[in-house]
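Okay, so here's the structure we're looking at.
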Amino acid sequence: MHSNTREVRPTEQLDWTALASYLRLQLPYRVTPGLDLSRDPEVTQFPGGHSNLTYLARFGGGELVVRRPPLGPVAPTAHDMAREYRWLAALHPIFPLAPRPYLLCEDPHVIGAVFYVMERRRGIVIRQEEPLGLANRPDERRRVSEALVDTLADLHTVDASTGPLAALGRPAGFVARQVRGWTERWQRSKTAEVAEMEALAGWLAGRVPPDPVEPTVVHGDFKLDNLLLDPLDLGRLVAVLDWEMCALGDPLVDLGILLAYWAPTAPPEQRDALTTVAGRPGYLARQEIIDRYAARSGRDVSAIGFYETFALFKIAVVIQQIYFRYVRGQTDDPRFATFGERVGYLARHAAALASQG
């Protein structure tokens with residue numbers, strides 16, 4: 001529940017000596033209180049993610065977060081740490097919930113891949129269980145839900161028409177490129193035929209909505225467990241994490257992702273970090289999320305069914321890419337052994353939603 005770390009998985013150890021040496025050269029100033037780069041690092045791992053590897057490096061009393069792609073071959077254009085770093089660098093000054101990045105290393109020889117270093121934010125992450133402040137407290141659950149929706153709407157008010165943000169995205173044709181790109185990723189990573197996924201790819205391609213008049217920053221993976229909550233006030237966010245898929249485009253893509261993750265994304269017998277708690281009393285219902293977002297943003301959300309269907313398709317592809325790496329022996333993380341069943345579950349859910357028009 002808390003954003004605590006664990007021992008680094010044996011198969012995901014890196015060259016910590018090389019990392020420390022690099023940081024001593026590139027971070028000669030104190031970017032965070034207590035940082036003492038003359039010390040050897042104490043490294044632990046944030047265990048909740050299923051994709052990129054995120055580590056906590058303690059140097060004396062100071063802490064740095066290190067993010068790099070997963071080990072082994074990865075899908076083309078995926079896990080682009082340089083891109084995520086540049087988005088954070090542009091966003092942090094105007095959207096403070098985006099953590100501050102300190103350093104980008106594009107030399108893959110240091111720890112085996114491009115990586116970046118950012119500040120550590122402290123807070124609570126809600127995954128398959130809840131902290132005591134939420135358990136059996138519908139009023140607090142509602143506050144968390146409302147803060148989540150309001151933060152998403154506020155992100156979509158960030159002015160991306162000028163400055164560094166404007167140079168980072170191509171909003172024209174964004175949704176069409178997303179549908180095409182995720183369809184191509186599906187074709188490259190599938191380990192079995194899934195009829196629903198093939199049908200969904202065609203359904204989505206034939207129903208791409210027009211570009212919005214005013215494109216916005218799109219987080220791309222906005223969901224409950226990518227948020228850090230204030231331990232002393234759970235209705236207040238202290239950070240929005242995981243900006244790898246950030247782009248400029250149609251903001252309803254984010255609302256679709258939020259709705260898709262708000263419902264179960266796996267069969268009932270598979271409870272893990274992807275399991276939602278949002279069905280418990282107090283959390284906003286699906287329609288309440290849509291209505292609150294529409295009221296705060298002023299946007300027309302009548303076509304949200306398309307975006308939610310696309311989100312389910314996209315999540316299925318993301319999970320398939322992870323499962324593909326597991327099947328090929330590029331990761332031995334046991335959490336991924338049942339991901340093939342998850343893909344089928346999501347595909348059926350998306351197909352059912354699409355059939356409703």
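Here are some notes:
- Qualifying residue in segment 55-68 (condition: out of contact with any Asp or Glu (no Cβ under 6 Å at 6 or more places or on another chain), among the aliphatic types (A, V, I, L, M), modelled with pLDDT under 95 and outside the structural domain of GLN330 (by TED's automatic domain parsing)): no
- Residues of segment 303-350 that turn out to be hydrophobic (A, V, I, L, M, F, W, C), within 22 Å of GLU193 (Cβ to Cβ) and surrounded by 19 or more Cβ atoms within 10 Å (Cβ to Cβ), as a count: 15
- Matching entry among LEU103, LEU88 (being surrounded by fewer than 17 Cβ atoms within 10 Å (Cβ to Cβ), in contact with a strand residue (DSSP E or B) (Cβ under 7 Å, 6 or more places away or on another chain), modelled with pLDDT of 95 or more and farther than 19 Å from GLN13 by Cβ): LEU103
- Conditions (1) of a type in the set (A, V, I, L, M, F, W, C); (2) touching a residue at least 60 places away in the same chain (Cβ under 8 Å); (3) in the same structural domain as TYR261 (by TED's automatic domain parsing); number of the one not met by LEU134: (3)
- Pair list, Cβ < 6 Å and 6+ apart or interchain, from segment 288-312 residues that are more than 12 Å from PRO209 (Cβ to Cβ) to residues that are β-branched (Val, Ile, Thr) and part of a loop (DSSP other than H, G, I, E, B): ILE290/VAL301; ALA294/VAL301
- Annotation note: of ARG83, ARG122, ARG67, the sole residue that is surrounded by 16 or more Cβ atoms within 10 Å (Cβ to Cβ) and farther than 27 Å from GLN187 by Cα is ARG67.
- Within segment 33-49, considering residues that are on the phi < 0 side of the Ramachandran plot, surrounded by fewer than 16 Cβ atoms within 10 Å (Cβ to Cβ) and part of a loop (DSSP other than H, G, I, E, B), the one nearest to the chain's Cα centre (by Cα): PRO47
- Extreme residue, nearest to ALA351 (Cα to Cα), among residues of segment 203-224 that are surrounded by fewer than 20 Cβ atoms within 10 Å (Cβ to Cβ) and of a type in the set (Asp, Glu): ASP211
- Of all residues in segment 80-92, those satisfying the criterion of being within 17 Å of GLY169 (Cβ to Cβ) and not charged (D, E, K, R) are ALA82, TYR85, TRP87, LEU88, ALA89, ALA90, LEU91, HIS92.
- So TRP16, is it surrounded by 19 or more Cβ atoms within 10 Å (Cβ to Cβ) and at pLDDT 90 or above: no
Table: residues versus (1) surrounded by 13 or more Cβ atoms within 10 Å (Cβ to Cβ); (2) in the same structural domain as GLY298 (by TED's automatic domain parsing); (3) at pLDDT 95 or above; (4) in contact with a His (Cβ under 9 Å, 6 or more places away or on another chain).
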position	(1), (2), (3), (4)
ASP150	yes, yes, yes, no
LEU155	yes, yes, yes, yes
ALA160	yes, yes, no, no
ALA167	no, yes, no, no
ALA176	yes, yes, yes, no
GLY181	yes, yes, yes, no
GLU184	yes, yes, yes, no
ALA192	no, yes, no, no
MET197	yes, yes, yes, no
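- The helices (runs of 4 or more DSSP H) found wholly in segment 255-357 and carrying at least 1 residues that are small (Gly, Ala, Ser) and either modelled with pLDDT under 95 or touching a Pro at 6+ places or on another chain (Cβ under 6 Å) (or both) occupy 339-355.
The values are calculated or read from the model by the stated rules, or taken from the named source; none is laboratory data. Because the structure is a prediction, the values reported are computed rather than measured. Glycine gets a Cβ as well: all are built from the backbone with ideal geometry, and neighbour counts include every protein chain shown.
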